[in-house]
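A short write-up of the structure that comes next.
The values are calculated or read from the model by the stated rules, or taken from the named source; none is laboratory data. In this text the structure is predicted, and so the values were computed from the model without any measurement. All Cβ positions, even for glycine, are placed from backbone atoms using ideal geometry, and neighbour counts span all protein chains on display.
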Amino acid sequence: MFSLFKENVRIALDSIRSQLLRTVLTIVIIAIGIWALVGILSLVDALENVISGDFESMGANTFNIQRYEFDIQRQGGQREKVNPIISYNDIRGFMDAYQYPFAQTSISFRGTGAAEVKYESEKTDPEVQVYGVNENYLENTGTKIDQGRQFNFFDIQNNNKVCVIGSDFLKNLFENENPINKTISIRGVKFKVIGVLESKGATFGNNQDLKVLIPIQVARGIFTEPNINYTISVKVDDKEMMQGAQDEAVVTFRNIRRLSPVEENNFGIERSDDLINRIASITGVLSIAAWIISIITILGSSIALMNIMLVSVTERTREIGVRKALGAKRSTISTQFFMETIVIGQFGSLLGILLGILTRFVISSLFGTDFTIPWTAMLWATTISFIVAVLAGSYPANKAAKLDPIESLRYE
């Protein structure tokens, strides 16, 4: 049995070599379909990892009070409703009034995204993000310290001129020295470095490692632009307390905004788990779209493979007649052409998988995510290419097996 299988594979390979151009074109068509499947699924996975990682930075068991909901509806490019900014008076009122047990509140704002940081005779390009934060910001946002320490209560209350810097500063200003306790300058104000953040990389062009965190009151003294919009973040110890903490925060902030019971909220609430679930649903739709596109592509490749095998049967009619005249059975002729189709399909699958892995590597490099072999997509690609070859080869193989040997020998 094995010797017959081995012989059929050898004959299939000989046939492929004798019709190299046609076979290569067929393999490329199949590979494009498999490449589409592996490549698109890799892109969807990368997008999901990047976006989910970005929103997971909110931290676990956390919700934010912000100016708008994440999914605010727009009409004609304009918001249906213009909410007031979350002002400094809003956050002061919230910090004084919100007393939910086992909850800690973080307040922050982005002072600028184009600061220039100086250290001795060195300075950065004017592209550093500077945030004013309180002592709970790092924990509420799930941000970890790599070196040094984070802010404490006294740093914030005493408006100490201290800062925590991103890991990218180790590549330029502090390439050859320890930054802890060194002094940097931002807009002429000097800060002592007390900590370095863990690297988070870049997401959609936004470098998470090129930023400086400073006490919020100090930041308000440096960045005095009008209408600064603040963010409030609340973290609870137990996920079971999330809904209660959120309801209490909504009531508290509505009272601060002096909203009547019949008025809608003029602010937004976003929970970290809600954002992750929303992203998962979006990427789920993208995955379905990827499968539909890939299946259509693979269907086209199966039709091409079947047509090429039908041409091969027609061109080799006389050869089939000779084999039958020498005693070859129908099953032998059918198996020969069927095996040839399977071999071509697997060559196409292999090429498509290699192109898909290369695409996965390029996507990982572009989005800054870890490169992983798409085993699931590869398994599906191999399975689908085999099914395609079976479906595409069945009719040509059956047609070849049914040819009349006398008529086949007369074929020119």
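Looking at Ala103, Ala202, Ala219, which one is assigned by TED's automatic domain parsing to the domain that holds Ala249, surrounded by 14 or more Cβ atoms within 10 Å (Cβ to Cβ) and at pLDDT below 90?
Criteria check complete, one pass: Ala202.
Could you figure out which of (1) basic (Lys, Arg); (2) surrounded by 13 or more Cβ atoms within 10 Å (Cβ to Cβ); (3) assigned by TED's automatic domain parsing to the domain that holds Asn140; (4) in contact (Cβ under 8 Å) with a residue 60 or more places away in the chain isn't true of Arg254?
It is condition (4) that Arg254 fails.
Report every pair of residues separated by at least 6 positions or lying on different chains whose Cβ atoms are under 6 Å apart, first residue within region 9-24 and farther than 12 Å from Ser312 by Cα, second surrounded by 11 or more Cβ atoms within 10 Å (Cβ to Cβ) and at pLDDT below 70.
Qualifying pairs under 6 Å: none.
Give me a count of the residues in region 112-163 that are of a type in the set (Val, Ile, Thr) and assigned to a strand (DSSP E or B).
So the answer is 7.
Each row is one residue, and each column tells you yes or no for (1) within 25 Å of Pro126 (Cα to Cα); (2) touching a residue at least 60 places away in the same chain (Cβ under 8 Å); (3) among the basic types (Lys, Arg); (4) surrounded by 15 or more Cβ atoms within 10 Å (Cβ to Cβ).
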| residue | (1), (2), (3), (4) |
| --- | --- |
| Asn140 | no, yes, no, yes |
| Asp146 | yes, no, no, no |
| Gln157 | no, no, no, no |
| Cys163 | yes, no, no, yes |
| Leu170 | yes, no, no, yes |
| Leu173 | yes, no, no, yes |
| Glu177 | yes, no, no, no |
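Being in the same structural domain as Leu379 (by TED's automatic domain parsing), of a type in the set (A, V, I, L, M, F, W, C) and modelled with pLDDT of 75 or more is the requirement here; does Ile342 meet it?
yes
Taking Ala97 as the residue in question, decide whether it is in the same structural domain as Asp247 (by TED's automatic domain parsing), modelled with pLDDT of 90 or more and farther than 20 Å from Thr183 by Cα.
Yes, satisfied.
Keeping to region 345-375, report how many residues are farther than 16 Å from Trp35 by Cβ and either at pLDDT 75 or above or touching a Phe, Trp or Tyr at 6+ places or on another chain (Cβ under 7 Å) (or both).
Summing the residues that are farther than 16 Å from Trp35 by Cβ and either at pLDDT 75 or above or touching a Phe, Trp or Tyr at 6+ places or on another chain (Cβ under 7 Å) (or both) in region 345-375 gives 4.
Return yes when Ser272 is surrounded by 21 or more Cβ atoms within 10 Å (Cβ to Cβ), modelled with pLDDT under 90 and closer than 24 Å to Thr105 by Cβ and no when it is not.
For Ser272, the condition - surrounded by 21 or more Cβ atoms within 10 Å (Cβ to Cβ), modelled with pLDDT under 90 and closer than 24 Å to Thr105 by Cβ - is met.
May I ask you to list the residues in region 323-333 that are surrounded by 13 or more Cβ atoms within 10 Å (Cβ to Cβ), more than 20 Å from Thr23 (Cβ to Cβ) and touching a helix residue (DSSP H, G or I) at 6+ places or on another chain (Cβ under 7 Å)?
Once the filter is applied, which keeps residues that are surrounded by 13 or more Cβ atoms within 10 Å (Cβ to Cβ), more than 20 Å from Thr23 (Cβ to Cβ) and touching a helix residue (DSSP H, G or I) at 6+ places or on another chain (Cβ under 7 Å), region 323-333 yields Arg323, Lys324, Arg330.
Take the residues of region 287-310 that are among the β-branched types (Val, Ile, Thr) and crowded, with 16+ Cβ neighbours inside 10 Å: which is farthest from Ile29 (Cα to Cα)?
It comes out as Ile308.
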